[in-house]
Amino acid sequence: MNILVTGSNGLIGSEIVENYCQKGWNVYGIDNNMREDFFGKNGNTRWNRDRLKNKYSNYLHFDIDIRDRQAVLAFLENHKFHALVHAAAQPSHDLAAQRPFDDFDTNANGTLNLLEGIRLTSRDTIFVHLSTNKVYGDAPNNLDLVEKETRFDYVDASFADGIEENFTIDQSKHSLFGASKVAADILVQEYGRYFQIPTCCLRGGCLTGPNHSGVELHGFLSYLIKCNLENREYTIFGYKGKQVRDNIHAYDVLSFIERFIESPRMAEVYNLGGGRDNSISILEAFQLIENISGKPMRYTYSETNREGDHICYISNLSKIKSHYPGWDITKSLTTTFEEIYEAWEKRLMVENKV
């Protein structure tokens, strides 16, 4: 079996590469290290590319830019895949506003290039798209919220389990990043419905794990934990640090993708996050990492929140669990924090020796 993974050097991409390499599949990866271009040297993911190439003989890497339409179409013409997992993206709200063409060309046009390449060459290819909860814009902020000691939460009991997939994505502020991801999300759905290609959009919450190259503009937990480890100052942007995210370990993301590829559906949309049990505010994250590391968290506070940012977002997992009852969250927040902390310790030790 052949599988293609875009963004193969990244957090989710590399997890998928490893999983299918271990299964004996022929795994093809596309990643031109645009994360370093977007975020500077701290966003460099070539260390992960080299690790995968050295570890697995059945992994083939290609430095293709998904914005390059002709290169993508030629590649898909010459290679056929049972499944394609699209994890490549420009992931930052703030950077999108600074580089709108790069953002839209990567997130929207890059996705279109891959979809059209599949349509032209192999409509049976299962297409899994890593979308985002930012497609809902800031509409979740219009819900009635209660301010508690360390977090915001929903007032309406019908949202106790979080946001469902039928929540509006229209007439709200998304940030340019959110807008480009909406375009990609709708395209993936449309290629499923219109051309009968097996597709799904995974509207992720905070996807995280030990292989994340977290930076200030993207990678909430990874960057926060790195700051604690290095005794660096973390900046809270608005909402008193009580803004809530639900976090899902890359392993559990991979686990669902695996199940979808085994039993695909057409033009599906799923909210994929940690759910209420894995939800945490920034203030609560400070407390948890302090308990693990024994180091106090240094931080400053900015009254200005990020444009289109969510005050409280928790993914409702009812639909995804009903369609795939064998899947569930297996990695707790504490386990996830510990794994990220240990991974940063090892990576920084290597970097400091160089």
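The values are calculated or read from the model by the stated rules, or taken from the named source; none is laboratory data. Computed from a predicted model, the values in this text were never measured in an experiment. All Cβ positions, glycine included, derive from the backbone under ideal geometry; neighbour counts span all protein chains shown.
Listing for the model above:
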{"quantity": "Positions within region 23-46 being assigned to a helix (DSSP H, G or I) and in contact (Cβ under 8 Å) with a residue 12 or more places away in the chain, in sequence order", "calculated": "Met34, Arg35, Phe38, Phe39, Asn42, Gly43, Arg46"}
{"quantity": "Residue that is farthest from the chain's Cα centre (by Cα) [pool: residues in region 78-104 that are of a type in the set (Gly, Ala, Ser) and either assigned to a loop (DSSP other than H, G, I, E, B) or crowded, with 16+ Cβ neighbours inside 10 Å (or both)]", "calculated": "Ala83"}
{"quantity": "Hey, Phe75 in contact with a Gly (Cβ under 8 Å, 6 or more places away or on another chain) and surrounded by 15 or more Cβ atoms within 10 Å (Cβ to Cβ) or not", "calculated": "yes"}
{"quantity": "Candidate set from region 168-217 (those that are at positive phi and touching a helix residue (DSSP H, G or I) at 6+ places or on another chain (Cβ under 9 Å)); member that is modelled with the highest pLDDT", "calculated": "Gln171"}
{"quantity": "Matching residues, region 241-253, being in a helix (DSSP H, G or I) and touching a helix residue (DSSP H, G or I) at 6+ places or on another chain (Cβ under 8 Å)", "calculated": "Gly241, Ala250, Tyr251, Val253"}
{"quantity": "Sole residue being of a type outside the set (Phe, Trp, Tyr), surrounded by fewer than 16 Cβ atoms within 10 Å (Cβ to Cβ), closer than 24 Å to Ile126 by Cα and under 18 Å from the mean Cα position of the chain (by Cα), chosen from Asp328, Asp252", "calculated": "Asp328"}
{"quantity": "Unique residue being closer than 17 Å to Ile66 by Cβ and of a type in the set (Val, Ile, Thr) when the list is Thr168, Thr150, Thr106", "calculated": "Thr106"}
{"quantity": "Unmet criterion (only one of (1) aliphatic (A, V, I, L, M); (2) in a loop (DSSP other than H, G, I, E, B); (3) closer than 21 Å to Pro264 by Cβ) for Ile169", "calculated": "(3)"}
{"quantity": "Qualifying residue in region 254-275 (condition: touching a helix residue (DSSP H, G or I) at 6+ places or on another chain (Cβ under 9 Å), of a type outside the set (A, V, I, L, M, F, W, C), assigned to a helix (DSSP H, G or I) and farther than 21 Å from Asn19 by Cβ)", "calculated": "no"}
{"quantity": "Scan of region 116-140 for residues that are part of a helix (DSSP H, G or I), more than 18 Å from the chain's Cα centre (by Cα) and within 29 Å of Arg245 (Cβ to Cβ), ordered by number", "calculated": "Ala139, Pro140"}
{"quantity": "Unmet requirement for Leu229, which otherwise passes all of (1) in contact (Cβ under 8 Å) with a residue 60 or more places away in the chain; (2) surrounded by fewer than 20 Cβ atoms within 10 Å (Cβ to Cβ); (3) out of contact with any helix residue (DSSP H, G or I) (no Cβ under 7 Å at 6 or more places or on another chain); (4) outside any loop (DSSP other than H, G, I, E, B)", "calculated": "(3)"}
